[in-house]
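Visitor: Dropping the structure in here first, questions after.
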Ligand code: DUT
Ligand code: MG
């Protein structure tokens, strides 16, 4: 097997690694397969002896009554060994099933874990439907390889070899006439493999594409409906579905090109046997019993040949699928703990500093942050304001180290964020993201997501802080109400408040709110601002906002434009400076307030 250079292990090395705990069973299963295929010789072998016995009796060379013992012994052995073979086949199937399921379980868990620990870059690279295909369909092709393909390979080889060897023990010349055909088949199958391998890779891509389409449309069903694009989406899906089907058919058709040759060769075998074997009987070179053995076992030479195409097809499917699975299996997140990462189990003070930070997305063309510097002292509130796309979200994502600066330093409590263990750093940061995602769980469960030890009172307290307790109490099942994809619908502002409660509930040293109150009304926002100023734990707040009412009370306001801080200071200072911020104040509150 060619080594897959991209990954640290070959496909089979990788499978072997994941069969841990079941490797002995797998080896036994392989031997089992070999055994029950060798046992295929039993019936032809004993038939041969029986036929020769009958022949000798018929010719008067032996007396049947003297040989009844042999007769019954042969029949008994034949039946006994055949039954034994059935038991071996049964146990063997079970063994493969166990090994393959156990490997599947292991790989699936490993992949899930891998995907969980990936960084933001990974998630912008792979689409959900693609990842889902890898851990389901592609992984199942890997399991199928262990449970079926490998078994078929061993089966075909042992069947072919044992029949061939048995033939040679009976008559070398006749055996040679039959077996010399084999190399021709190998040549054909080799050609086939070359043609079909890229087609299977293509097929896996198309499957992933189709699943991605389906997944995006199902989760985006509201958009589809809102724009009345059902017909368009249906047609679009039909196209990807068609492409998948056509590629499937095309892949299957490749073997059809080769199949007539292989089948003709396989079908020629009995004819050769009739011809040559018949002559040999007439010459007295072989007995009729010998001929019977040959003819009862000729399928054991022909079938593996016919199976080759199928096996090769399945094997290429496995190869393509395993490539996709291994890509995730061996992927490494770039943002990980450094080997010398510092453990910091205690609470952080909450000092955040940006020191000449510049940043650009890897796939982006322009820098998103340019030479950003500011300090948030413990307990301070920093507001970030700026037009859409100016880099606010990108900026705050550098604090929990979702992305890393291209130059400059991001420091928390005086130390670069890269120097901390990721979990220690992130455990101290409460983040309410711009697009709110709630889990399909109770409201209570969602709020306590970051700390499952929270008591009911605590949960209610944080809901109160985020001005959510009123509407939660009005729900039929209160805190027990299930929300999320399958739960009751919540308004945008309600979701934002639950997400704020979730961020507060971990009592973070640094609280980051990305436009978290954009969808709540002014009055509710005021309440939230009030509770944020009176939290019962020390906390540095970094708040992205569009409203002056939010930024007004901040210790420092940063105005961001095209990734640069163009103004900074508190409300009063910025208003009197008469820049962008002052204009914004005029726009939002009216001229009179500014001049007052
Ligand atoms: N950008 C990327 N890749 C990403 C995310 C954003 O290239 O994965 C670009 C888009 C934009 C710039 O970075 O031009 C800044 O984006 P950001 O999300 O930081 O903007 P924002 O200030 O948070 O905008 P908004 O107020 O709309 O949330
Ligand atoms: Mg944003």
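Every number in this text was worked out from the coordinates using simple rules, so none of it is lab data. Not measured: the values here are computed from a predicted model. Because the Cβ atoms are built from the backbone with ideal geometry, glycine has one as well, and the counts that use them run over all protein chains shown.
Visitor: What is the angle, in °, between the Cα long axis of helix 580-589 and the longest principal axis of the Cα atoms in the chain? Nearest 10 is fine, range 0 to 90.
Guide: With rounding to tens, the tilt is 80 degrees.
Visitor: For region 497-560 and region 398-422, compute the distance between their C-alpha centroids and round to whole Å.
Guide: Taking the Cα centre of each part, region 497-560 and region 398-422 sit 22 Å apart.
Visitor: Using Cα pairs closer than 8 Å and at least 6 residues apart in sequence, work out the relative contact order for the chain, in percent.
Guide: Relative contact order, the chain: 13 percent.
Visitor: Sticking with this one: Quick check: the angle from helix 230-272's long axis to the longest principal axis of the chain, C-alpha only, nearest 10 degrees?
Guide: Long axis of 230-272 versus the principal axis of the chain: about 20 degrees.
Visitor: Is region 11-329 rounded, prolate or oblate when judged by the Cα gyration tensor, a ≥ b ≥ c being the square roots of its eigenvalues, rounded requiring a/c under 1.5 and prolate requiring a/b larger than b/c?
Guide: Prolate shape, in that a/c is at least 1.5 and a/b is the bigger ratio.
Visitor: Just want the ordering: 394, 358, from fewest to most Cβ atoms lying within 10 Å of their own Cβ.
Guide: 358, 394
Visitor: Please give the contour-minus-distance gain from residue 219 to residue 128: 0.36 nm per residue of separation, less the Cα-Cα distance, rounded to one decimal in nm.
Guide: Between residue 219 and residue 128, full extension yields an extra 31.7 nm.
Visitor: How big is region 40-159 on each of its three principal axes, counting only the C-alpha atoms and giving the largest first in Å?
Guide: So the three principal-axis extents are 88, 19, 16 Å.
Visitor: Most exposed first by the Cβ proxy, i.e. fewest other Cβ within 10 Å, how do 93, 390 rank?
Guide: Lowest to highest Cβ neighbour count: 93, 390.
Visitor: Classify the chain: rounded, prolate or oblate, from the alpha-carbon gyration tensor (a ≥ b ≥ c, eigenvalue square roots; a/c under 1.5 rounded; otherwise prolate if a/b is larger than b/c)?
Guide: It is prolate, given that a/c is not under 1.5 and a/b is the larger ratio.
Visitor: Follow-up question, since we're still on this one. To one decimal place, what Kirkwood hydrodynamic radius in Å is obtained for region 119-191 from all pairs of distinct Cα atoms?
Guide: 16.2 Å is the Kirkwood radius here.
Visitor: Here's another thing I want to ask about it. Shape call for region 434-507 from the C-alpha gyration tensor, a ≥ b ≥ c root eigenvalues: rounded (a/c under 1.5), prolate (a/b greater than b/c) or oblate?
Guide: rounded
Visitor: What value, in deg cm²/dmol to 500, does the helix sum -39500 (n - 2.57) over DSSP H runs of n ≥ 4 give at 222 nm once divided by the residues of the chain?
Guide: It lands at -19000 deg cm²/dmol.
Visitor: So if I take the centroid of the Cα atoms in region 272-344 and the same for region 46-64, what is the distance between those two points in Å?
Guide: Cα centres, region 272-344 to region 46-64: 39 Å.
Visitor: To the nearest 10 degrees, how steeply does helix 456-465 sit against the main Cα axis of the chain, on a 0 to 90 scale?
Guide: Relative to the chain, helix 456-465 is tipped by roughly 50 degrees.
Visitor: Based on alpha-carbon centroids, what's the gap between region 140-175 and region 79-133 in Å, whole number please?
Guide: So the separation of the two Cα centres works out to 25 Å.
Visitor: Among 381, 82, which comes first, second and so on when ranked by fewest other beta-carbon atoms within 10 Å?
Guide: 82, 381
Visitor: Multiplying the sequence separation of residue 358 and residue 12 by 0.36 nm and subtracting their Cα-Cα distance, what value in nm do you get?
Guide: Going from the current span to full extension adds 120.1 nm.
Visitor: Let me ask something additional. Rank-order 524-534, 142-152 by packing density, defined as the average count of other C-beta atoms within 10 Å over each peptide's residues, highest first.
Guide: 142-152, 524-534
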